[in-house]
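Rule-based calculations on the coordinates, nothing more; no lab input. These numbers were taken from a predicted model, which means no experiment stands behind them. Virtual Cβ from ideal backbone geometry, glycine too; neighbours counted across all protein chains shown.
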Amino acid sequence: MEPENTESQEIILEGIAASPGICIGKAYIVDNDGIDIIQRYHISESKVQAEKNRFNTAIKHAKSELIEIIEKTPKDLKEHANILETHVVLLNDKMLYGQTIEAIEKDLINSEWALRKVVNRLRKMFRELPDEYFKDRVNDIIHVSNRINRNLGGGEPVNFKNINKRVILVASDLSPAETSQIQLEKIMGFVTDLGGKTSHTGIIARTLEIPAVLGLQNVTRLIQNDDLLIVDGSGGTVVIQPDETTLRRYVQRRVDYEVRRAQMIRSSHSTAMTLDGTTFKVMGNIELPEEVVSVKDKGGDGIGLYRTEFQYMNRAAFPGESELYEKYKDVLDVISPQPVTIRTLDINGDKAVSFDSDYDEPNPALGLRAIRYCLKKPNVFMTQLRAILRVAAHGNVRILIPMISGYEEIMETKRLIEKAASDLESEGVPHKGDIKLGVMIEVPSAVIIADILAEEVDFFSIGTNDLIQYSMAIDRGNSLVAGFFNPLHPAVIRMISHVADVARKKNIGIYMCGEMASEPMYIPLLIGLGIKEFSMNPQSIPLVKRMVRSLNTSECVGFIDEVMVQKSALKILELIKSRYGKLLSDYEL
Ligand code: PEP
Ligand code: MG
């Protein structure tokens, strides 16, 4: 973004609002970018072994450094130590390590050059991936390769110990190793050139509840050490050297923000009951087991979607049954007696696993994804099902099957669940066989045969992220068509209405775990349509709970009659605003 210059010296920049909140303080520039210039030279064949040894020594040192950082990671950041463990794995990864060794041997070049070549290739490959989350994962490779480079003699690691006052960190990017060394009492906020909402800095900032504006492109060139900064992580704005009026305005905004947030979080631990007495469960979606803590802190009524595929990524092989069992148990232990809904593997599509990419699919979103993959790989599926049934013996666990598109898939899944249960039974392993089973409704064919599926399962969970993608032909990761992705499209509303009606008639559970559920504006509509529970990113729980409390179920139901006759998303939006606009204006944090 081009900076906007005002009359005074202040500069206003717009970036990605990655973590909400406002902070005002002095800038501290993190200079972690000093390894851009690397040495390039050819080696003779007789020097190949010595060069490989040099590279291996650098890897060894990088590994010890990382292990030391993991051990010293402060308690409240322990949950991110697993990112660093991923980096330890990456150090010996077939792509990064193997291909660098190969380049040294084949191209007869020094380690730094070989590593740079491999990283550039991987960088290109990752950047072409459609999913933002995976695009951001290229940063892991870059951080790891920077660390190896430093150990090859290319620079000093960043040391945060020198920071002796409260500051706002300004960096090109921050690696997980760097962010996990941060002492919370000294860091007020993050400002970076790179990164986005799903980058590690974004994730860590949200977990620590530190305001962050990321992806500002060239902010490190505009800010000097000790410049006064305002970071508005809710609006995505950074003000450098603000003038008096701006400063006063933001000081007031910060006070208002803190007051609203404190009120909201305080009330989020009680149940979400409408004015006319209907209770709605507001649960959290998690990707990693550690995130369960933030669901609990935000007053979540359980886990409505545990995206288990993330445990299969960034590693060299499939996880085993005991590892999965332990991870699921960790989540259950924290949130019990509230439910944990474990969604079985939803890999491929935009979430391919590196060690099992022997399929070359021209159209991965329409390919061997989720339950289709699991039914084709019964061993992988069985390992997961066994782990789930075992953990179900300890509490309220339900299974959720992604991307069901037909009757046979659910029948085959049920057969495998029964088989897992009978195997565990004959092995004498404690488990729960009669576990609650649900399907994600995220493919249009599942909507149309909802009545058939309802006979076979205990609940439906509507996944609007994919349902919109598949029904409206909009690639959810393609920014060119992102503007068409609209949950208020009458087709989407009608599908939700149909599924909710079927669930009611067949007397099974119905909730929504797609992003649509995290938007307060949609809650009156969803309640009116008959959705009984919601699940969302943990940060949205307090807001949604508050919205539920200010509504009347019967009024929402009546409102649907007006919605159903509208011809376009825009008309529906106008209707929501005219009816609930006043309420919604109270929700802007
Ligand atoms: C969805 O599709 O709406 C959903 C919740 O699943 P995911 O985003 O993991 O595909
Ligand atoms: Mg989905």
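All Cα-Cα distances of region 45-152, cut into 5 Å bins from zero to the largest, leave 2, 12, 21, 22, 18, 13, 8, 3, 1, 0 percent in each bin in turn. Fully extending the segment from Asn53 to Thr245 would add 63.1 nm, taking 0.36 nm per residue of separation and subtracting the current Cα-Cα distance. Note on the chain: antiparallel DSSP beta bridges, both residues inside, total approximately 35 percent of the bridges counted. For region 269-585, the share of DSSP beta bridges that are antiparallel, to the nearest 5, is 10%. Here Lys186 is the anchor, and the aspartates and glutamates within straight C-alpha reach of less than 20 Å, apart from those fewer than 8 places off in the same chain, are Asp31, Asp76, Glu79, Asp173, Glu178, Glu209, Asp226, Asp227, Asp232, Glu258. When Cys374, Cys23 are sorted by how many other C-beta atoms sit within 10 angstrom of their C-beta, beginning with the fewest, the order is Cys23, Cys374. Using alpha carbons only, the radius of gyration of the chain set against its Kirkwood radius gives Rg/Rh = 0.98. Note on Thr201, Thr341, Thr73: ascending count of other Cβ atoms within 10 Å places them as Thr73, Thr341, Thr201, the fewest first. If amide H atoms are built 1.01 Å from N in the plane of the peptide, which residues on other chains or at least 5 residues away come under 5 Å of the amide H of Val397? The answer is Val340. Cross-link pairs exceeding 18 Å between alpha carbons, from the set Lys52/Lys106; Lys376/Lys419; Lys327/Lys419: Lys327/Lys419. Site pair Arg494 and His42 shows an inter-label distance of 6.8 nm when each label is modelled 7 Å from Cα along Cα→Cβ. Hey, which lysines would be in cross-link range of Lys567, C-alpha to C-alpha under 20 Å, not counting anything within fewer than 8 residues on its own chain? Qualifying lysines at Cα under 20 Å: Lys577. In a simple Cβ point-charge model (Lys, Arg +1; Asp, Glu -1; nothing else charged), the chain has a dipole of about 520 debye relative to its Cα centre. For region 222-230, backbone phi angles converted through the Karplus equation (6.51, -1.76, 1.60; θ = phi - 60°) give residue-by-residue couplings of 8, 9, 10, 3, 6, 4, 7, 10, 10 Hz, Gly and Pro being listed as x.
What is the dipole size for region 45-152, taken about its Cα centre, with +1 at each Lys and Arg Cβ and -1 at each Asp and Glu Cβ, in debye to the nearest 20?
On the way: 20 positive and 18 negative charges, 56 e Å.
Computed about the Cα centre, the dipole is about 260 debye.
Across region 269-585, Cα pairs under 8 Å and at least six residues apart give a relative contact order of 19 percent.
The lysines within cross-link reach of Lys532, meaning a Cα-to-Cα straight distance under 19 Å and a gap of 8 or more places when in the same chain, are Lys281, Lys436, Lys505, Lys506, Lys545.
Look at the dipole of the chain built from charges on Cβ: of Thr100, Gly299, Phe55, the Cα furthest out on the positive end belongs to Gly299. Here the spin labels are modelled as points 7 Å beyond Cα on the Cα-Cβ line, and at Glu562 and Ile452 they lie 3.9 nm apart. Computed on the Cα trace of region 483-589, the radius of gyration divided by the Kirkwood hydrodynamic radius gives Rg/Rh = 0.93. Translational diffusion of region 210-359, estimated by Stokes-Einstein from the Kirkwood radius over alpha carbon pairs at 20 °C in a medium of 1.002 mPa s, is 110 µm² per second.
If contacts are Cα pairs under 8 angstrom and at least 6 residues apart, what is the relative contact order of region 45-152 in percent?
34 percent.
Per residue, how big is the convex hull around the C-alpha atoms of region 269-585? Give it to me in cubic angstrom, could you?
Normalising the Cα hull of region 269-585 by residue number yields 131 Å³.
In region 346-499, the convex hull through the Cα atoms has an average projected area of 10.2 nm², a quarter of its surface area.
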